[in-house]
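Okay, so here's the structure we're looking at.
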Amino acid sequence: MSATLPVAKPAQIRAAAWADLRADQGAVAGLLLLNSLASAAGLAGPWLLGRIVDAVRAGSGDVLGTVDRLALGVVVFTVVQTLLARWALAVGYRFGERTAARVRDRFLTRTLALPPSVAEHVPAGDLIARGSIDASVVANTLRRAVPEVLVALVQALLLIVAVLVLNPLLGLCGLVCLLGVGAALRWYLRRARPAYLTEAATGARLADVVTSTAKGARTIEALALESRRAEAADRAVADARAARLRTLRLRTVLFPSLDVSCALPVVGVLLAGGVLHANGVVSVGVVVTATVYLRQLVGPLDTLTLWVEQLQGAIASYARVEGLAEVPREEPRPAAAPDGDRTEVSGVRYAYDGGRDVLRGVDLVVRPGERLAVIGPSGAGKSTLARLLAGLDRPRTGTVTVGGTPVADLPPDRLREQVVLVTQDHHVFHDTVRDNLRVVRPSATDEELRAALEAVGARWIDDLPQDLDTKVGADIGLDGARAQQLSLARLVLADPHTLILDEATALLDPRTARQTERSLAAVLHGRTVIAIAHRLQTAHDADRIAVLEAGELVELGTHDELVRAGGPYERHWRSWHGEYDEHNDP
């Protein structure tokens, strides 16, 4: 069953953003100071321009000399503003890079800390989208938005203050004309957050559908489910398209409204300035200066407008990235050290998300060093039992213990020393074969790595161009069978006390799978092996066989005992054996 990862609330986003700002407060302070100085230098140009206009209109004294000196001042302050602005942007971009790195590092740490019961049930597409698309959006926004938005905010505030100081009447006129900007933004922001969160969520669902469909292509083809998966993909695409169009409609209202609203202050000040000048209240130079200030205000407002739209998507992504902090952490329970390796399942019942029980009253004892095969039809509860034995989930009722200690209570490091679950799902890192194997034992020598690969029949290592130094995924790709052998080789290196194989050789052809299972049995001699078997030859070789049907343990015994009993196992065996003899070599 899938679970949904939480999304951070606005208050949590603000707290996280504030923490990121405080983490690099020196850069933030420098950024504000440099922007303030740059904006202050930018105010000098229009003021000097107004002085030039008034000097020319007065026409007295050394007009040319006065104009030259004022024009030189305009050039000097413009150069100073440019240099300070570039310096501020450089500081801002470095701040953005450092903060983006912290966000990514925080996301990775939280992902790795997810409780196994959560990580296993989360749709792969959701986590992938948060770690790739959402994290990239947040990182790119931090690189650019913080410096550019701060520059625009400081410039806008100083320009408004400058107009008010220059002439309060003209300043108030300009502010009144800016009310349209506030109204448009208020309308947009009230609708933007849910719209952009929906867009991000539908994109994640689309990624999950594509990922799961590609991953299960063989199963889909074998069960003729192509049309159903195509319908699921069409629905996901339609939902993503509808969500994208919803945000697009918001933008089509916002941008034209802001374009008109940003032009109103200039028009208003020119009209009001003309009336005031006609009545002798202000000079032409003051009107020109105020008009230039408000015309300059269009630039910061355009920047803020652009980022207001982009920040909605970034905030939605930020909420999804920070949402991992809200995943409930499983508090470690005090657990005694296991007394031996005896595994016991007693009265276990388990249900997914409050549904019907998929395991009903299972009792089972696995002796140390025993090879136990678990078989049953699809949906019988085999994989669920494997997860409980591996400590990934807790039973609804009953207990699952190893050495008398509940498996799910063991600390992760101790648990992996006792029990390792290997499924047909595997992961190959884009790194060398050596580093892919050393994930489980960093101190392993090349000889030990080769021995582990040999144990699982991975003789293809000798054909790689750079041997163990070959970069998998870059220099060469591994098909499903080779990737599964690489995963099994990690298992050999991990050397756990109890090994659970949940169809871990399913991607290998029957002959290779048989050889691999025999090799593993030899290497792991003396270890407890619990195999969820889809090939009954695996069950035949086991010490005992447990048969599950509809979540209940219906048979338990050796191969010969169960065949003589004439029950469900005997029927499975005769059906499978006849098919095996017909389609495979003896």
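Some observations on this one:
- Residue within the range 260-272 that is modelled with pLDDT under 80, among the polar types (S, T, N, Q) and under 20 Å from the mean Cα position of the chain (by Cα) present: no
- Scoring residue 20 on the criteria (1) buried (at least 19 other Cβ atoms within 10 Å of the Cβ); (2) within 30 Å of residue 357 (Cβ to Cβ) leaves a single failure, condition (2).
- Selected residue [under 26 Å from residue 308 (Cα atoms) and of a type in the set (S, T, N, Q)] from 213, 202: 202
- Here the helices (runs of 4 or more DSSP H) wholly within the range 393-463 that include at least 3 residues being modelled with pLDDT under 80 and not hydrophobic (A, V, I, L, M, F, W, C) are 412-418.
- When 321, 275, 284, 327 are checked against the criterion of being in contact (Cβ under 8 Å) with a residue 24 or more places away in the chain and open to solvent by 30 Å² or more (accessible area, probe 1.4 Å), a single residue qualifies: 284.
- Checking residue 224 against (1) open to solvent by less than 80 Å² (accessible area, probe 1.4 Å); (2) under 27 Å from the mean Cα position of the chain (by Cα); (3) without any contact (Cβ under 8 Å) to a residue 40 or more places away in the chain, the condition it does not meet: (2)
- Residue in the range 202-216 that is free of Cβ contacts under 8 Å to residues at least 24 places away in the same chain and surrounded by 14 or more Cβ atoms within 10 Å (Cβ to Cβ) present: yes
- Exclusive hit being in contact with a strand residue (DSSP E or B) (Cβ under 8 Å, 6 or more places away or on another chain) and surrounded by fewer than 22 Cβ atoms within 10 Å (Cβ to Cβ), set 374, 358, 419: 358
- The single condition from (1) within 38 Å of the chain's Cα centre (by Cα); (2) under 30 Å from residue 163 (Cβ atoms); (3) among the small types (Gly, Ala, Ser) that residue 71 fails is (1).
- Taking the listed residues 356, 360, 342, the one that is free of Cβ contacts under 8 Å to residues at least 24 places away in the same chain and more than 27 Å from residue 254 (Cα to Cα) is 356, with no other qualifying.
- Members of the range 159-181 found to be under 24 Å from residue 260 (Cβ atoms) and open to solvent by 40 Å² or more (accessible area, probe 1.4 Å), listed by number: 160, 164, 169, 172, 175, 176, 179
- Some residue of the range 445-456 being within 27 Å of the chain's Cα centre (by Cα) and surrounded by 14 or more Cβ atoms within 10 Å (Cβ to Cβ): no
The values are calculated or read from the model by the stated rules, or taken from the named source; none is laboratory data. The structure presented is a predicted model; accordingly, all values stated were derived computationally and were not measured. Here the Cβ is made from the backbone with ideal geometry for all residues, glycine too, and neighbour counts use every protein chain on show. Heads up: the accessible areas ignore ligands, DNA and RNA and are worked out on the full protein's heavy atoms, side chains in. Shrake-Rupley method; radii C 1.70, N 1.55, O 1.52, S 1.80 Å.
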